[in-house]
Amino acid sequence: MHPPAQADGTAWWSVAPYCRICGARPALQVTVHAHQGVLMWMRFHREDGPFCRSCGIAVVRELTTKTLWQGWWSPLSLVGFTPIALICNFSVRRKLTTLAPPGPSAPGATRKIQGKPVHQRPLAYVALVPLAWVVGFFIPQIIPAIITHI
Ligand SMILES: [Zn+2]
């Protein structure tokens, strides 16, 4: 429940953010990340809110799916940027689910369609390729090398 007024006397509803996409409330100021990496080329993409629950989850699903299939193909992406982006998006998703369902959209604005959850999007499973490589190639090479040196 919001307090009736802010410390400076303004009503909470005059400062509560509107969704950047559909104009509805309640909305939360969050940032959703995507990462792409191919060899030495990397791209960092972000979408800043505020977002309502519906539009925010749609953006999280879209950028997370993009990261899951495009984010693993450079060394720094594989070990750093992509896992960080995915963890950040997971955290944003959790925050967005605490919001109440959005009210009506602003006139002329269209709410973003959530689409399927990430686990129902085939492109998300491209992430299994680098994982399979780590499990199938990297670990069998490294573990015996470590064990023989102990
Ligand atoms: Zn919205």
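The values are calculated or read from the model by the stated rules, or taken from the named source; none is laboratory data. Values in this document were obtained by computation on a predicted structure and should not be read as measured data. Methodologically, a virtual Cβ is constructed for each residue, glycine included, from the backbone with ideal geometry; neighbour enumeration extends over all protein chains shown. Note: areas computed on protein heavy atoms with side chains; ligands, DNA, RNA excluded. Shrake-Rupley method; radii C 1.70, N 1.55, O 1.52, S 1.80 Å.
Measuring nothing but protein heavy atoms, the accessible surface of the chain at 1.4 Å probe radius is 69 percent carbon and sulfur.
Using only side-chain charges placed at the Cβ, +1 for Lys and Arg and -1 for Asp and Glu, the dipole size of region 16-148 relative to its Cα centre rounds to 460 debye.
Per-residue ellipticity at 222 nm from helix content only, as computed over the chain with -39500 (n - 2.57) for each DSSP H run of at least four residues, stands at -10500 deg cm²/dmol.
The residues of region 16-148 expose on average 58 square angstrom of accessible surface per residue, using a 1.4 Å probe on protein heavy atoms. Taking 0.36 nm per residue of separation and subtracting the Cα-Cα distance, full extension of the segment from residue 79 to residue 138 would add 19.9 nm.
Relative to its residue count, the chain spans a Cα convex hull of 167 Å³ per residue. Which of 108, 34, 17 sits farthest toward the positive end of the charge dipole of the chain, with +1 on the Cβ of Lys and Arg and -1 on the Cβ of Asp and Glu? Final value for the positive-end residue is 108. Placing a label point 7 Å from the Cα of residue 119 along the Cα-to-Cβ direction, the residues of region 85-110 whose backbone N falls under 19 Å of that point are 86-98.
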